[in-house]
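The values are calculated or read from the model by the stated rules, or taken from the named source; none is laboratory data. Treat the numbers as computed from the prediction; the structure is a model and nothing was measured. Glycine gets a Cβ as well: all are built from the backbone with ideal geometry, and neighbour counts include every protein chain shown. Quick note on the areas: whole protein, heavy atoms, side chains included, nothing else; ligands and nucleic acids left out. Shrake-Rupley method; radii C 1.70, N 1.55, O 1.52, S 1.80 Å.
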Amino acid sequence: MKQSFLLFLMAAVLTACTSRQPAGQGGGTAVAFKYARLIHVENLDDGARLVSIDNPWKQGQTLHRYLLVPYGAVVQHQTEQGTTVVRTPLRRSIIFTSVHAALVSELQAQEQMAGVADAKYMKVPYVRQALADGRLADCGDGLSPLIEKIIDAGADAILLSPFENSGGYGRLEDIDCPLIECAEYMEQSPLARAEWMRFYGMLYGQEQRADSLFAVVDSCYQALCRQAASLGHGRSTLLDKQTGSVWYVPGGRSTIGRMLQDAGADYPFAADDHSGSLALPFEAVLERAGDCDVWLLRYDAADSLTLDRLLSEQPGYRQLRPVRDDQVYACNVMTSMFYEESPFRPDLLLQDFIQIIHPDIPNPAPLRYYHKVKGPPPAPPQGRGVI
């Protein structure tokens with residue numbers, strides 16, 4: 001009777017994000033993820049956790065398997081080949097991406113970072129200050145990290161993003177340090193990607209904080225979806241811009257593609273089944289999306305983008321209807337926290353999308369990431385061919 005009462009109390013204090021499911025493959029109790037589909041976690045009876053990450057590029061295969069074991073505890077479970085033992089909470093982690101550094105700071109585990117890669121791209125205030133003070137090691141370029149710096153930092157784990165056909169991680173695989181493959185960006189919905197923060201909370205001993213934060217994100221995102229639905233059909237929307245000879249547009253099943261649909265946008269590539277980006281020539285984008293109502297793009301510069309500069313990059317942009325109608329909005333990823341915030345706070349980005357896609361919303365809040373691109377209206381195009 002006493003045991004049943006204790007179990008009832010435990011169930012009562014757990015949020016929906018931490019609800020449990022029947023025993024999983026490891027013989028433990030599965031942690032229920034509400035949206036994420038690529039990650040599976042089992043709580044084992046000795047306090048350890050078995051984590052399995054599906055390979056997003058090879059259906060039915062596992063990308064990586066981890067056994068999370070508390071510091072000081074004896075590893076009691078036999079691990080299958082390919083299973084990495086990780087001692088938690090992490091104390092001296094190395095982080096390769098600014099988005100994960102930002103999340104770790106949000107979870108108030110920043111003191112558990114020992115170093116970062118690609119330091120020049122890190123905009124998180126704590127990271128920048130700690131690098132300047134020498135409290136964080138600069139581990140060099142993410143594609144060719146300084147192995148000696150990582151070893152000297154006493155790293156107990158390295159957080160990095162996997163890529164399809166990457167060929168492995170080179171010398172990083174030769175050192176005795178767990179590689180945490182952060183594959184959340186391959187999830188097929190914004191909330192599924194954001195829910196991975198619960199896994200990172202487990203790594204850093206901040207599970208309750210992560211669960212609470214995700215509950216807020218989930219609630220805010222769903223409220224915004226209801227608002228967008230109440231506003232009816234939104235404007236047709238083109239995204240991003242040409243890079244070199246290729247225009248990368250989000251696939252219909254990508255997190256950004258799904259977010260545009262949640263905002264009520266008419267997205268020309270919504271029916272596409274890619275969870276990543278589509279690499280298209282300019283002509284293909286012009287043909288399929290040149291008559292969209294509004295154009296949202298991202299750029300990287302020290303100052304604000306102007307229409308003149310945008311047209312100097314590709315004169316063919318004059319043929320896009322949003323350019324002719326003065327409906328171009330841009331996000332400067334150098335001066336904003338777009339990449340640092342939006343993966344785990346998709347509600348903040350969705351709010352921008354809704355306000356731009358539904359321009360008649362009364363008393364809209366200031367845009368967080370995007371700004372209207374300024375400049376004189378371009379001269380009318382002379383035809384549909386690329387200028």
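Data overview
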| quantity | calculated |
| --- | --- |
| Hits in the stretch 332-342 (condition: of a type outside the set (S, T, N, Q) and either open to solvent by 70 Å² or more (accessible area, probe 1.4 Å) or in contact with an Asp or Glu (Cβ under 8 Å, 6 or more places away or on another chain) (or both)) | Val333, Met334, Tyr339 |
| Pair list, Cβ under 9 Å, 6 or more apart: the stretch 58-71 residue in contact (Cβ under 8 Å) with a residue 24 or more places away in the chain, other residue loosely packed, with under 13 Cβ neighbours inside 10 Å and not in a strand (DSSP E or B) | His64/Gly82 |
| Pair list, Cβ < 8 Å and 6+ apart or interchain, from the stretch 310-332 residues that are on the phi > 0 side of the Ramachandran plot to residues that are surrounded by fewer than 21 Cβ atoms within 10 Å (Cβ to Cβ) and part of a loop (DSSP other than H, G, I, E, B) | Asp326/Pro377 |
| The lone exception for Asp46 - which of (1) of a type outside the set (Phe, Trp, Tyr); (2) within 20 Å of Trp196 (Cα to Cα); (3) modelled with pLDDT under 95 it fails | (2) |
| Total residues in the stretch 145-195, condition part of a loop (DSSP other than H, G, I, E, B) and small (Gly, Ala, Ser) | 9 |
| Residue in the stretch 84-98 that is open to solvent by 40 Å² or more (accessible area, probe 1.4 Å), out of contact with any Lys or Arg (no Cβ under 8 Å at 6 or more places or on another chain), within 22 Å of Glu195 (Cα to Cα) and aromatic (Phe, Trp, Tyr) present | no |
| Given (1) at pLDDT below 95; (2) assigned to a strand (DSSP E or B), number of the condition Gln59 does not satisfy | (2) |
| Any chance Ser275 is open to solvent by 20 Å² or more (accessible area, probe 1.4 Å), of a type in the set (S, T, N, Q) and at pLDDT below 95 | yes |
| Count of residues meeting criterion [without any contact (Cβ under 8 Å) to a residue 60 or more places away in the chain and in contact with a strand residue (DSSP E or B) (Cβ under 8 Å, 6 or more places away or on another chain)] in the stretch 335-366 | 2 |
| Tally, over the stretch 76-91, of residues that are touching a Leu at 6+ places or on another chain (Cβ under 7 Å) and either among the aromatic types (Phe, Trp, Tyr) or at pLDDT below 90 (or both) | 2 |
| Pro366 being part of a loop (DSSP other than H, G, I, E, B), within 19 Å of the chain's Cα centre (by Cα) and either at pLDDT 95 or above or within 30 Å of Leu191 (Cβ to Cβ) (or both) | no |
| Residue that is farthest from Trp295 (Cα to Cα) [pool: residues in the stretch 213-242 that are surrounded by fewer than 14 Cβ atoms within 10 Å (Cβ to Cβ) and not hydroxyl-bearing (Ser, Thr, Tyr)] | Val216 |
| Qualifying residues in the stretch 243-262 (those that are in contact with a strand residue (DSSP E or B) (Cβ under 8 Å, 6 or more places away or on another chain), open to solvent by less than 20 Å² (accessible area, probe 1.4 Å) and outside any strand (DSSP E or B)) - the one farthest from Cys225 (Cα to Cα) | Gly251 |
